[in-house]
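This report concerns only the one structure given below.
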Amino acid sequence: MYVCGITPYDATHLGHAATYLSFDLVHRFLSLSGRSVRFIENVTDIDDPLFERANRDGVEWSQLGEEQVDLFRSDMSALRVLPPNSFESVSEAMPQIISLVQRLIESGMTYPLGSDIYLDGSKMDGYRDLPMSMDEAIELFANRGGDPSRVGKRHPLDPLLWRESSAGEPSWQASFGSGRPGWHIECNAIAMGLIDEKDLDDGEVSGGSRKWVIDLQGGGSDLFFPHHFMTALQARAILNREFAQHFVHAGMIGYQGAKMSKSLGNLVFVSRLTASGVDPMAIRIALMLGHYRSDREWSDQLLAQGEELLNRLRRVLGRQAVPDYQDLINEIIADIANDLDTPSALSKLDSYLEKALDGDESINPGSLSRFLDALLGLAV
Ligand code: ZN
């Protein structure tokens, strides 16, 4: 599984936390059900917002990126989000990115515009199966980092593969010109860099003759278009394959009535909550009280609900003996298997805890404690 990671310029807010928590549940579920999981996550450390922030604060972009990645990792660790097998930054993956762009140029799938290079998406009929109307796609592309109205593009949606760096930005040497990569190619390159292409033919067929490169690509629902669409388009151009068998998207977290975002200034940071004394496990539970795919609202009441459930859990698991919980375990597994239905799983857990607080005691709670830790990441 490949999860699109952060641009490290601002500490982890609850929207990030909810996304990485969702894929942590996928990771835990797949691993516990006996599958061997290879989990890759990237860090977009070559990106405009990072350079702008570094310039504003008078620090090196690479230093800002490293500091923010450290903070992200410590936030994830506090929330008990298990680390991926590979956590690779774009700057580290530059040789793979350059070689993919080279490969696309050699296959005739690209065109230059000034010193920049674009994928010629129409050449492969790439916009035939857009998930929305062309007008909507162009508008969304413009709102999410694309450049549909740039003069000279063959098609408004053609993704930028390589661009000349502006003054003060880092730049890498390549035979096709020095510069830096466009956004989407990084995920193709990092995923493919960790996979042996010879192994790909062993995959199953996913409709038609094309097969996929990876099993699952995940991220927030704002990556559905254009980012995941473009990585899929580029994988077809590079390998004549689908990029992912499954695309999985986590919903957005709102606060005070609007999606949590930098531009609106309504971010709630994990590190600020924990510094103010909030237990990270209460944050984890509060986020799991909603379904991962739904857009949902963060509030003090939601956090209080998470804290109450955590307190009840601590009181019960701290006992010498508790009521039998085998049925509870089976029900929670069934809920998580059912598209990560954490609201239902936590509601069943809560009913059990109510019962346990004044019910018959029969067995040691150790196995329940280890189960909740392993599958749901709830360590009390
Ligand atoms: Zn990505």
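The values are calculated or read from the model by the stated rules, or taken from the named source; none is laboratory data. Predicted, not measured: the structure shown is a model, and the values here were computed from it. When we count neighbours, we look across all protein chains shown, and the Cβ atoms used for this are built from the backbone with ideal geometry, even at glycine. Heads up: the accessible areas ignore ligands, DNA and RNA and are worked out on the full protein's heavy atoms, side chains in. Shrake-Rupley method; radii C 1.70, N 1.55, O 1.52, S 1.80 Å.
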The simple spin-label model distance between Leu32 and Glu67, using points 7 Å out along Cα→Cβ, in nm, is 3.8 nm
Taking the chain and counting helices only, DSSP H stretches of n ≥ 4 at -39,500 (n - 2.57) each over all residues, the nearest-500 ellipticity at 222 nm comes to -13500 deg cm²/dmol
With a ≥ b ≥ c from the Cα gyration tensor eigenvalues, square-rooted, and the rule rounded for a/c under 1.5, otherwise prolate when a/b > b/c and oblate otherwise, the chain is prolate
Spelling it out for His246: with amide H atoms placed in the peptide plane at 1.01 Å from N, the residues 5 or more places away or on another chain with amide H under 5 Å from its amide H are Leu216, Gln217
With all protein chains present, the chain has a carbon and sulfur share of its accessible area (1.4 Å probe) in percent of 46 percent
Taking every DSSP bridge whose two residues both lie in region 1-277, the antiparallel percent to the nearest 5 is 45 percent
Plugging the Cβ-Cβ distance of Asn85 and Ala334 into 1/(1 + (r/R0)^6) at R0 = 35 Å yields, to the nearest 0.05, a FRET efficiency of 0.80
Length gained, Leu194-Arg314, 0.36 nm per residue minus C-alpha separation, equals 39.1 nm
Averaged per residue, the 1.4 Å probe accessible area of the chain, protein heavy atoms only, in Å², is roughly 44 Å²
Once phi for every residue in region 212-225 is put through the Karplus expression 6.51 cos²θ - 1.76 cosθ + 1.60 (θ = phi - 60°), the whole-Hz ³J(HN,Hα) values, with Gly and Pro written as x, are 9, 8, 10, 7, 9, 10, x, x, x, 5, 6, 8, 3, 9
With Cα springs under 10 Å, the Gaussian network model of the chain assigns the largest mean-square fluctuation among Val26, Val81, Val151 to Val151
Pseudo-spin-label distance Ser115 to Glu136, built 7 Å along Cα→Cβ, given in nm, is 3.9 nm
Under the 7 Å Cα-to-Cβ spin-label approximation, Ala379 and Ser74 lie apart by a distance in nanometres of 1.6 nm
Among region 234-256, those whose backbone N falls under 17 Å of a label point 7 Å along Cα→Cβ from Ser107 are 234-245
Phi-derived 3J(HN,Hα) across region 162-172 with the Karplus relation (6.51, -1.76, 1.60, θ = phi - 60°), rounded Hz, x for Gly and Pro, is 8, 9, 5, 6, 7, 4, x, 9, x, 9, 10
The answer for GluC sites (Glu not before Pro) in region 129-238 that fall in a DSSP coil and have at most 11 neighbouring Cβ atoms within 10 Å is Glu204
